[in-house]
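**Q** Below: one structure in structure tokens.
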Amino acid sequence: GAHTLLKYFEGKASQNHLQEVLFRKYFTDGVYPDANNLRAAAEEAGAEDLDEAMAYVASKDANKAVAAEAAGYSRQGVNGVPFFVFNGEPQFSGAQPVSTFKRALLDSL
């Protein structure tokens, strides 16, 4: 659902806005991302064609592709957000002390 809608917005300037809308609706407003609420989020984020966006969300192929992409990231060690990569090498996820960032940055030089 929500991840597939974000994929539909990929490459569009409004993708980040959609992400903020989805986060607000779910984490602050407690709105579950069902089809109606995803449509409302897409509209709020400025989708040019709501029907096309929702057809993409309903597409089995699109959902399979998004699931495959997520599985690929999991295989690479991504298990939380934010996840940090330096020079193409996976490092760590989640909140970290400054010393962890410093060590990773220095090691990546």
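Quick note: the coordinates plus some simple rules give every number you see, no bench work behind them. Just so it is clear, the model here is predicted, and its values are computed rather than measured. Positions of Cβ are backbone-derived with ideal geometry, glycine not excepted, and every protein chain shown enters the neighbour counts.
**Q** Using a basic spin-label model with each label point 7 Å from the Cα along Cα→Cβ, how many nm lie between E48 and S99?
**A** The two pseudo-label positions are separated by 5.1 nm.
**Q** Would you mind estimating how fast the range 48-102 diffuses translationally, via Stokes-Einstein at 4 °C and 1.567 mPa s with the Kirkwood radius over Cα pairs, in µm²/s?
**A** Working: Rh = 13.7 Å.
Taking Rh from Cα pairs, D becomes 95 µm²/s.
**Q** Suppose R0 equals 35 Å; then what is the FRET efficiency for S108 and N36 from their Cβ-Cβ distance, rounded to the nearest 0.05?
**A** Numbers: r = 45 Å, r/R0 = 1.27.
E between S108 and N36, to the nearest 0.05, is 0.20.
**Q** Moving on. Please give, to one decimal in nm, the separation of the simple spin-label points placed at K12 and N79, each 7 Å out from Cα toward the Cβ.
**A** 3.5
**Q** Run the helix sum for the chain: -39,500 (n - 2.57) per DSSP H stretch of 4+ residues, divided by residue count, reported at 222 nm to the nearest 500 deg cm²/dmol. If you can, show how the numbers build up before the last one.
**A** On the way: 6 runs with 61 residues, N = 109.
The helix contribution divided over the chain gives -16500 deg cm²/dmol.
**Q** In percent, what relative contact order does the chain have, based on Cα pairs under 8 Å that are 6 or more apart in sequence?
**A** Details: 90 pairs, mean separation 24.0, N = 109.
Dividing the mean separation by the residue count of the chain yields 22 percent.
**Q** Let me ask something else. Take the alpha carbon atoms of the chain, find their radius of gyration, then divide it by 2.2 N^0.38 Å using N residues; give the quotient. Mind showing how you got there, number by number?
**A** On the way: Rg = 16.6 Å, N = 109, 2.2 N^0.38 = 13.1 Å.
Ratio of Cα Rg to 2.2 N^0.38 Å: 1.27.
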